[in-house]
Structures are given as structure tokens and as C-alpha cells.
Amino acid sequence: MNRWWLVVAGMLFAAGTAGAAGTADSAAVARPEVHAARLSSVIAIDGLLNEPIWSSQPAEDRFIQSDPDQAAKPSFRTEVRVLYDDDAIYVGARMFDPHPDSIVANVCRRDDGSHSDEFTIFLDPYHDRRSGYYFVVSAAGVLRDGVEYNDDWDDSSWDGVWQGRARIDSLGWTVEMRIPYSQLRFRKSDQYRWGVNFRRNIARRNESDLMVYTPRNESGFVSRFPDLVGIERIRPARAILITPYATSRGEFVQHAIGDPFHTGGRYEPQMGADLKTAVGSKLTLNATVNPDFGQVEVDPAVVNLSDVETTFDEKRPFFVEGSNSYDFGFGGASNYMGFNWPGPSLFYSRRIGRTPELSPASYDFADIPTGTRILGAAKLTGKILGEWNLGVMQALTERETAPFALGGARGRAEVEPLTSYSVLRAQREFAGGRQGFGVISTMTQRRLDDPGIDDQLNRSGSVTGFDGWTFLDKDRVWVVTGWMTRSDVAGTAARMTTLQSGSGHYLQRPDAERWRIDSTATVLTGYAGRFTVNKQKGNLQFNSAVGFINPHFDSNDLGILSRSDVINAHVSTGYRWSNPDHWKRSANVSTALFGSTDFDGNLTHPGLWMNGGVVFLNYWTFFPRFAYNPPSFDNRSTRGGPIVRSPSSFNGGFWSDTDSRKKLYYQFEYDFSRSETGSWYSGVYPTVQWKPSASILCGIGPGFERSHSDAQWVGSVDDPGATQTFGRRYVFAQFDQTTLSANIRCNWSFTPNAGIQVYVQPLISSGNYFAYKQLVRGRSYAWEPVGSGLPQYDPTTDQIDLDGAGTSYGPYNPDFNFTSLRGNAIMRWEYMPGSTLFLVWTQERSQRETLGQFDFGPSLSRMVDKKPNNIFLAKLTYYFNM
């Protein structure tokens with residue numbers, strides 16, 4: 001309860017300072033106005049602009065080039081008119097073009113970007129000059145939309161239900177749009193003044209024309225918008241938007257002989273519904289009952305040999321849409337650099353509905369769910385208490401159990417408890433965005449009823465934080481931003497001991513001076529924070545930051561934390577050339593000094609970084625980078641053991657691409673690293689995209705990586721005789737790894753509302769461990785070979801036995817050859833606005849063997865010969881506006 005009072009107190013304190021902050025900064029700016037006229041008759045959204053009212057209204061044609069020749073006159077004229085009625089706002093645009101046959105009109109699925117001629121309207125209905133919406137129609141009639149936030153940033157995850165059509169004719173092309181008020185949020189008033197901006201993209205010239213634009217050496221976009229005036233006597237819509245769905249899912253998976261739970265086929269029908277409605281004039285409620293959170297696109301296969309959790313992008317629409325509402329610590333500044341900063345994420349939505357964390361204690365066969373069922377979820381977003389931006393989310397996941405078979409007996413075990421997830425995010429800006437203050441609070445609560453599972457999972461976990469920014473000068477050149485958070489994790493003493501010794505903390509380190517495991521603790525409380533100074537405008541760039549994560553901080557119940565016990569800082573400067581000349585369009589160069597220590601003062605990640613880039617006149621690019629890391633210490637490679645010396649190293653690479661307007665588009669990336677001990681890495685990543693027609697886009701992006709590690713972690717075992725390593729042996733090996741993979745995609749759009757997407761990812765990875773060795777002493781890079789004592793290595797069988805007793809520590813061979821082929825085919829048809837039919841086929845096949853050598857031919861044969869798992873899904877949604 002105390003943590004919620006802390007959040008409320010922070011909000012009230014900030015609200016109380018609003019009057020003193022003032023808003024004269026934004027009010028003093030003279031802005032152009034765009035006039036909207038009331039509509040008295042029905043308009044057909046067909047893109048023709050043949051209704052008389054379009055021609056009877058004055059046109060807005062004050063456009064100016066943003067790219068490529070900033071501040072120049074547009075190549076072709078554009079006219080825009082805005083109308084409105086009691087239900088929606090209407091936009092009609094005429095894009096003149098003397099060569100209509102050269103207009104680029106590529107067809108792709110909705111919300112996918114394509115290099116096409118486009119028209120965009122930006123709206124700031126709240127008129128806060130920091131946030132808003134954008135709506136895009138391409139010359140092929142493809143719709144895109146999203147939201148603007150933090151003045152400069154945009155998020156394409158938001159999906160509105162609106163109409164737009166385009167037509168190409170002898171004069172160029174036209175656009176007609178209808179945007180219902182039900183898709184917007186704004187204050188109730190008799191007369192309205194919104195922010196508005198328009199953009200036209202001419203694809204073949206790489207040209208963008210806007211009413212107002214952000215100069216290349218400055219920041220701020222929404223704050224520059226002209227005012228939209230003339231809208232009167234309308235009311236924010238309070239419609240209830242309901243989208244019921246039905247799915248049919250068939251699974252045909254491989255199974256072991258004798259498995260009583262998997263017979264090769266399974267059919268699962270399901271129904272549910274999503275709801276969206278206004279709560280007052282400033283809030284939007286999104287709710288879902290029995291949601292379908294099975295994602296459509298598969299995650300890529302990875303081989304993770306580190307102690308850091310692999311994360312994947314969120315693809316589930318309920319969590320993707322409006323995810324920026326929960327961003328924390330990134331307001332105010334336009335640039336946030338990292339340099340080995342393990343910035344914790346406070347909200348990682350894929351925690352909700354994840355694969356169960358537990359399994360039966362012992363079993364021959366088990367039917368463990370691939371995901372936890374979400375009983376329901378709801379989000380409330382908008383504004384409260386005047387100017388506070390609010391985002392609240394609540395989700396409840398089901399208690400999951402798994403049947404298992406052991407010998408001739410059957411049983412059922414709990415694998416995931418009933419769990420509640422809560423997020424609250426609120427933020428307010430003052431003085432037209434000159435200052436900002438925000439709060440966040442997350443809470444995870446588990447019902448741990450079954451005996452024993454309370455020692456395996458946290459009972460609860462929460463994080464509370466404050467963030468904000470302030471500009472230091474009237475021209476908004478310099479800004480200071482910062483955030484502070486506190487985490488509280490509770491559970492049994494056994495669970496807290498396990499948590500403290502996990503990869504996020506490693507508090508069992510025997511040579512740690514100040515922070516050690518507390519085996520009696522039932523609550524773990526930590527803190528973290530970061531403060532940044534950034535130069536927002538001008539060709540000369542500057543960015544500096546200092547951050548810290550104390551050893552007890554933990555946000556992993558509903559967020560992501562890769563490591564704690566970090567103090568990190570950097571200072572960076574650079575220069576950018578924004579104006580084109582005889583050989584380039586733009587260029588930049590940057591350099592930085594950075595470093596990290598732990599809370600005992602051990603220097604862990606120092607370095608010097610350099611980066612540059614150039615965009616040539618033909619739109620080809622080249623971006624090289626280089627970094628040097630001097631000798632330091634590594635407090636993680638022994639995974640809870642003593643600190644070791646980290647040798648000096650350097651790394652670098654470059655990225656380059658060609659003109660994306662062409663039918664064939666190429667990208668190329670090369671990465672490398674070298675260390676003084678002989679460790680090295682090289683990775684090559686070429687990519688080709690082919691556009692054989694306006695409706696087909698295919699691409700292949702192979703990757704080939706080779707590496708050699710002089711000291712790859714193998715394991716550790718207790719040995720009282722190992723006095724120099726605190727009574728435990730830490731075993732490493734030299735390690736060679738080769739990985740070949742590819743991302744293959746092909747999209748065929750029949751119309752802007754229907755098409756097929758195909759994604760395939762083959763992967764072959766091999767790893768060979770050899771020359772096993774053990775650490776001689778801490779704070780060194782000294783090794784001695786593993787022999788016949790403790791641990792033991794048998795060269796005839798190529799097996800390592802950590803304790804020399806043939807127990808669970810071995811003997812075993814850690815070499816591997818992993819092959820995987822996964823992909824899916826998706827047919828999507830939006831048969832009416834907001835209503836969609838999906839047909840999905842997903843296939844996956846994988847195999848792992850103890851073969852350390854990379855051999856492409858046999859590996860490919862094993863991949864192809866492996867029997868696949870197939871999943872077929874049909875999903876139908878229907879949109880109701882009540």
C-alpha cells in the first residue's frame with residue numbers, strides 16, 4: 001500500500017507545480033492556421049473528390065521541402081482541404097504530378113511500409129504539442145497509422161478503424177479520408193483548436209514535402225504543428241467498439257513412442273472478444289475476454305550460450321498497440337546512448353502468458369502447455385487530472401497444471417500459478433514540454449498454494465519509479481533527463497537465496513567485498529537510476545550519462561534485467577553535416593569514452609568508441625564503427641565465482657546499403673572482434689530485396705558467423721583443495737562456433753486489404769569444446785589444464801566429468817550441432833474495416849546432436865529429413881461499432 005501512496009504523492013506534487021511552470025513558452029509562437037469547413041451532405045470515400053464541396057473550399061497549399069533539398073520549393077504542387085461533420089473529420093488531397101505514369105504505387109498489406117508515393121495527415125487533438133496521431137494513404141490505397149509522442153518519436157503499433165482511398169488520374173493522384181472521432185481523444189469544447197500537419201512523399205525523387213518540418217540539426221516535430229481551426233459543436237464519441245473472434249487450431253506434432261498425452265494430432269476451437277470504448281472524453285478502455293494471444297509470426301531460432309535471457313519482440317496486437325504509453329525514462333531528450341549500459345526494462349509484456357516456468361518434479365512423459373492462458377486483460381489510456389497522460393494495464397493468467405506419467409502412475413502438477421500483472425504509468429509536461437515529470441508502478445502477484453512451488457517462484461514483485469526532464473535554456477538546446485526506481489521482491493528465504501545467486505545478481509561471489517547473499521532474507525529491495533545530458537540542436541553534438549543498478553535491484557517479474565551491480569558512465573561528442581554538397585547528402589562522426597564498475601569499485605567495461613556515417617548523392621550509405629576496450633575485470637564469466645582479468649580487445653565493423661527505390665535493394669553488414677588472448681569473432685550479413693512487381697516483395701538475409709573463444713564457460717564443482725579459487729573449481733575450454741542462418745521473406749499483396757506472407761528461417765550452428773582448463777586464482781587470467789583429478793577429461797571419449805565421480809556433473813560431451821527450420825505462411829484478408837480473416841500454417845523442425853564440427857551437407861540433410869511439427873490456424877474477427 002505504501003508504494004501506491006508514493007506514486008499518488010508524486011503526481012499531486014507535480015500537479016501543484018503546474019501553475020508556477022506556466023505555458024507562455026508555447027503560447028508565444030505565431031503559427032499558421034488551417035481552416036476546416038462543416039460538411040452538410042454525405043461524401044463517398046472513393047478517392048475521386050467529385051463532390052462539389054471539395055472544390056468550393058479554399059485549398060491549403062503551403063508546402064515546403066524537408067528532403068532532399070531542405071527549405072526548397074516542392075517539385076509539384078499539393079492541395080489539401082479539411083471538412084468535418086458530427087461524426088468524423090474528412091480530408092481531401094490533390095497531388096499534382098506532370099508524369100502520372102511515374103507515380104510509385106506499390107501494393108502491400110496494411111501498416112507495412114513500402115517505398116511509394118504517400119499522403120499523411122498528422123493530428124494533435126489534445127493540442128498538447130507533444131503527442132498525436134498520423135494517418136497515411138499511399139497512391140496504391142494502402143493505409144498506415146500510428147501515434148506521435150515525446151514531440152519527435154512515433155509508434156506504428158496503434159491501429160485505428162478509418163477509411164481512405166486513392167486514385168491516379170491525368171493530373172497526378174488524389175486521396176480521400178474519413179477519420180471518425182471515435183478513433184481520437186480530445187477535450188470537450190464548443191470550439192476546437194487542434195494541431196495539424198500534412199506530408200507528401202514523392203517516392204521516385206525521395207522527396208518529402210510538409211507544411212512544417214524539423215530542420216536536420218534540430219529536434220521537435222509535433223510542437224511545430226500549425227493550428228487546425230473551424231471545428232465547432234462536436235462531441236467526443238463514446239461508441240462501444242466490439243470485436244468478437246473465433247479460432248480453430250490444429251496441431252500435428254512429433255512425439256515419443258509411448259507418450260500417452262501426444263498422439264500426433266490435436267484440435268482446439270476457441271472464442272473471445274475485444275472491446276474498446278471511451279471513458280469520458282479523455283480516456284479509452286481496451287478490454288479483452290478469453291483473448292486469443294497466439295501470435296501469428298514465429299520467433300526466430302537462437303543458440304544462447306550466455307547467462308543472459310533471450311528476449312523477443314512482442315507480436316500480440318493487444319500488447320503491441322499503445323505500448324509507448326508504458327515507456328519509462330526516455331522523455332525529453334532526442335538521444336539516449338548506452339555503451340554497455342544494461343538498462344532494465346520495467347515492463348516486458350511477453351512475461352504475460354509466457355511458457356510455464358515449472359515442470360513436474362519427475363516424469364517420463366508430460367503435457368506442459370506452450371503458453372499460460374490469459375483469463376482477461378484491460379488497458380485504460382488517455383488523460384486525467386487535467387494534463388496527466390495515463391496508462392493502466394491489468395491482466396490475470398490462469399493457474400496451469402500439467403498431467404504427467406511416471407512408470408505406470410499418472411499425476412498432475414502445477415506448472416504456473418494464478419498470477420496478476422498490473423502496470424500504472426502517468427506523465428505530465430509543463431511549460432509546453434519544457435519540463436516533464438512521470439511515475440510508473442508495476443506489480444506481479446502469484447497465488448502459491450501447492451507445496452514446494454513457493455521455493456521456486458517469487459510470491460510478488462514490484463517496481464516504483466519516477467522520471468522527468470528539464471530544458472536548461474530558452475531555446476531548448478540543452479536538456480537534462482533522469483529516472484530513479486525501487487524494486488521489491490518477496491518470497492520464502494529459500495527462494496530469495498536462489499534469486500540472489502542467479503545470473504542477475506551473482507551475490508555468492510566469494511571475493512565480493514560489500515554485497516553478499518543473505519540466506520535469511522524474505523524480501524529483496526534494490527534501486528536503480530540514470531541521468532543524461534543531451535544537446536538537442538546544432539551540428540555539434542553532445543551526450544553524457546551516468547547510471548547505476550545496485551546488486552539487489554530486480555525487475556524480472558514483469559520486466560527484463562540482464563545484470564545488476566553496475567555503475568556506468570559515458571561522455572560522447574560528434575559533428576554532423578546536414579546540408580548536401582557536391583558528393584554527399586549528409587554525414588556525421590562521433591566518438592565516446594565510456595566505462596563501468598561494480599559496487600566494489602572493480603573496473604569492468606572501459607572503452608573508446610568511434611562511429612561515422614555518410615549518405616551519398618545516389619542514396620547509398622556507409623556507416624563504419626570501431627571500439628577499443630583496455631584490460632579490466634570480469635565479474636560474470638565464472639557465473640558466481642571469483643572475479644577474473646578481462647584481456648584487452650577491439651571490435652568494429654560497418655553497415656552499408658543502396659538506393660531503396662530500385663527493384664533490387666542491397667544491404668551489407670560486417671562485424672569483427674579480436675582480443676589479446678586470441679579470441680576472435682567475424683560475422684557477415686548480406687541482404688537482398690527484390691521487387692519484381694508493385695505487389696510482390698521478396699528478400700533474403702543470410703548470416704554467417706565464426707568465432708573462437710579462448711575461455712568459454714563449461715561448469716564448476718566444489719573442491720576443498722582449491723584454496724586459491726575459494727574451494728571450488730571453475731572449468732572453461734577453448735571453443736569454436738560456426739553458425740549459418742537466413743531470414744527469407746516473400747509478401748504478395750493481391751489488394752491493399754488481402755495478401756500472403758511467407759517467412760522461413762533455416763539455421764545450422766555447431767560448437768566444439770576443446771583444451772579444457774581451470775582457473776588458477778581469482779583476479780587473474782591464469783589457467784591450468786584439466787587432467788585426471790578433479791575435474792577429469794577423457795580424450796578418448798572427448799567427455800568432461802566435473803566431479804570425477806560420474807554423477808550428474810558428468811561425464812558428458814558439451815559439443816553440439818543444432819539444426820532448425822521454422823517458418824509460416826499467413827493469408828490475411830480485411831474484408832471490411834476492422835474485420836479480418838487469418839489463415840496460418842506454421843512448421844518447425846529441429847535437432848541437436850553432440851557433433852562439434854560444422855559440416856554443411858550432412859547438417860542440411862538432417863534438417864530436411866527431420867519430421868516436422870505442423871500447426872494450422874484459422875481466425876475470424878468481426879468489428880461492431882455500437
In the stretch 653-688, the residues that are open to solvent by 50 Å² or more (accessible area, probe 1.4 Å), more than 29 Å from residue 513 (Cβ to Cβ), modelled with pLDDT of 95 or more and of a type in the set (D, E, K, R): 669, 674
Test: residue in the stretch 633-652 that is surrounded by fewer than 16 Cβ atoms within 10 Å (Cβ to Cβ), of a type outside the set (S, T, N, Q) and over 28 Å from residue 507 (Cα atoms): no
Matching residues in the stretch 594-648 - criterion: being within 19 Å of residue 676 (Cβ to Cβ), of a type outside the set (Val, Ile, Thr) and touching an Asp or Glu at 6+ places or on another chain (Cβ under 6 Å): 646, 647, 648
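Just need a number here: residues in the stretch 793-810 that are surrounded by 16 or more Cβ atoms within 10 Å (Cβ to Cβ), part of a loop (DSSP other than H, G, I, E, B) and either on the phi > 0 side of the Ramachandran plot or modelled with pLDDT of 85 or more (or both). Outline the logic, then answer.
Initially, the stretch 793-810 is screened for residues surrounded by 16 or more Cβ atoms within 10 Å (Cβ to Cβ), giving 793, 798-804, 809-810.
Now narrow it down to the ones that are part of a loop (DSSP other than H, G, I, E, B): 798, 802-804, 809-810.
So of that shortlist, the ones also either on the phi > 0 side of the Ramachandran plot or modelled with pLDDT of 85 or more (or both) come out as 798, 802, 804, 810.
Total meeting the criteria: 4.
Taking the stretch 107-117 as the search range and keeping residues that are open to solvent by less than 30 Å² (accessible area, probe 1.4 Å) and in contact with a helix residue (DSSP H, G or I) (Cβ under 8 Å, 6 or more places away or on another chain), which one is nearest to residue 90 (Cα to Cα)? Steps first, answer last, please.
Taking the stretch 107-117 and keeping what is open to solvent by less than 30 Å² (accessible area, probe 1.4 Å), we get 108, 110, 116-117.
Checking which are in contact with a helix residue (DSSP H, G or I) (Cβ under 8 Å, 6 or more places away or on another chain) leaves us with 116-117.
Numbers: 116: 22, 117: 20 Å.
Within the stretch 107-117, the match that is nearest to residue 90 (Cα to Cα) is 117.
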Out of 554, 518, sole residue that is in contact with a strand residue (DSSP E or B) (Cβ under 9 Å, 6 or more places away or on another chain), surrounded by fewer than 19 Cβ atoms within 10 Å (Cβ to Cβ) and under 20 Å from residue 458 (Cβ atoms): 518
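Is it the case that the stretch 532-549 has a residue that's closer than 20 Å to residue 347 by Cα, touching a strand residue (DSSP E or B) at 6+ places or on another chain (Cβ under 6 Å) and of a type in the set (D, E, K, R)?
No: the stretch 532-549 contains no residue that is closer than 20 Å to residue 347 by Cα, touching a strand residue (DSSP E or B) at 6+ places or on another chain (Cβ under 6 Å) and of a type in the set (D, E, K, R).
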Test: residue in the stretch 707-723 that is in a loop (DSSP other than H, G, I, E, B) and either under 25 Å from residue 815 (Cβ atoms) or among the basic types (Lys, Arg) (or both): yes
Condition check for residue 823: part of a loop (DSSP other than H, G, I, E, B) and open to solvent by less than 70 Å² (accessible area, probe 1.4 Å): no
Evaluation of residue 340 against (1) open to solvent by less than 60 Å² (accessible area, probe 1.4 Å); (2) assigned to a loop (DSSP other than H, G, I, E, B) (one fails), failing number: (1)
Residues within the stretch 52-68 that are surrounded by 14 or more Cβ atoms within 10 Å (Cβ to Cβ), more than 36 Å from the chain's Cα centre (by Cα) and not in a loop (DSSP other than H, G, I, E, B), tallied: 3
From the options 607, 701, residue that is in contact (Cβ under 8 Å) with a residue 24 or more places away in the chain, within 29 Å of the chain's Cα centre (by Cα) and more than 27 Å from residue 117 (Cα to Cα): 607
Residue count for the stretch 223-268, restricted to those that are open to solvent by 40 Å² or more (accessible area, probe 1.4 Å) and part of a strand (DSSP E or B): 11
Top-ranked residue of the stretch 444-488 - restricted to ones that are under 28 Å from residue 398 (Cα atoms) and β-branched (Val, Ile, Thr), ranked as surrounded by the most Cβ atoms within 10 Å (Cβ to Cβ): 463
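Being over 30 Å from residue 757 (Cβ atoms), modelled with pLDDT of 95 or more and not in a strand (DSSP E or B) narrows it down to one of 83, 49, so name that one.
On the way: 83 fails: not in a strand (DSSP E or B).
Step by step, each of 83, 49 is checked, and only 49 is over 30 Å from residue 757 (Cβ atoms), modelled with pLDDT of 95 or more and not in a strand (DSSP E or B).
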Yes/no for residue 172 being open to solvent by less than 10 Å² (accessible area, probe 1.4 Å), at pLDDT below 95, touching a strand residue (DSSP E or B) at 6+ places or on another chain (Cβ under 9 Å) and under 19 Å from residue 137 (Cβ atoms): no
The stretch 521-542: number of residues that are at negative phi and either part of a loop (DSSP other than H, G, I, E, B) or surrounded by 21 or more Cβ atoms within 10 Å (Cβ to Cβ) (or both): 11
Residue selected from the stretch 856-871 under the condition open to solvent by less than 90 Å² (accessible area, probe 1.4 Å) and touching a residue at least 60 places away in the same chain (Cβ under 8 Å), by the criterion nearest to residue 738 (Cα to Cα): 859
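Rundown of residues vs (1) aliphatic (A, V, I, L, M); (2) within 26 Å of residue 847 (Cα to Cα); (3) free of Cβ contacts under 8 Å to residues at least 12 places away in the same chain, yes/no style:
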position: 259; (1), (2), (3): no, yes, no
position: 272; (1), (2), (3): no, no, no
position: 287; (1), (2), (3): yes, no, no
position: 299; (1), (2), (3): no, yes, no
position: 309; (1), (2), (3): no, yes, no
position: 320; (1), (2), (3): yes, no, no
Hits in the stretch 585-606 (condition: crowded, with 16+ Cβ neighbours inside 10 Å and in a loop (DSSP other than H, G, I, E, B)): 598, 599, 600, 602, 604, 605, 606
Enumeration of residues in the stretch 78-101 that are under 21 Å from residue 209 (Cβ atoms), under 38 Å from the mean Cα position of the chain (by Cα) and without any contact (Cβ under 8 Å) to a residue 60 or more places away in the chain: 79, 81
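Of everything in the stretch 498-515, what is in a helix (DSSP H, G or I) and surrounded by fewer than 21 Cβ atoms within 10 Å (Cβ to Cβ)? Give them in sequence order.
Initial filter on the stretch 498-515 (in a helix (DSSP H, G or I)): 498-500.
Residue satisfying the conditions is 498 alone.
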Unique residue being open to solvent by less than 30 Å² (accessible area, probe 1.4 Å), closer than 20 Å to residue 62 by Cβ, of a type outside the set (Phe, Trp, Tyr) and not in a strand (DSSP E or B) when the list is 195, 220: 220
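The values are calculated or read from the model by the stated rules, or taken from the named source; none is laboratory data. Worth saying up front: this structure is predicted, and the values here are computed from it rather than measured. Using ideal geometry, Cβ is built from the backbone for each residue, glycine included, and neighbour counts are taken over all protein chains shown. Areas reflect the complete protein model, heavy atoms only, side chains present, ligands, DNA and RNA absent. Shrake-Rupley method; radii C 1.70, N 1.55, O 1.52, S 1.80 Å.
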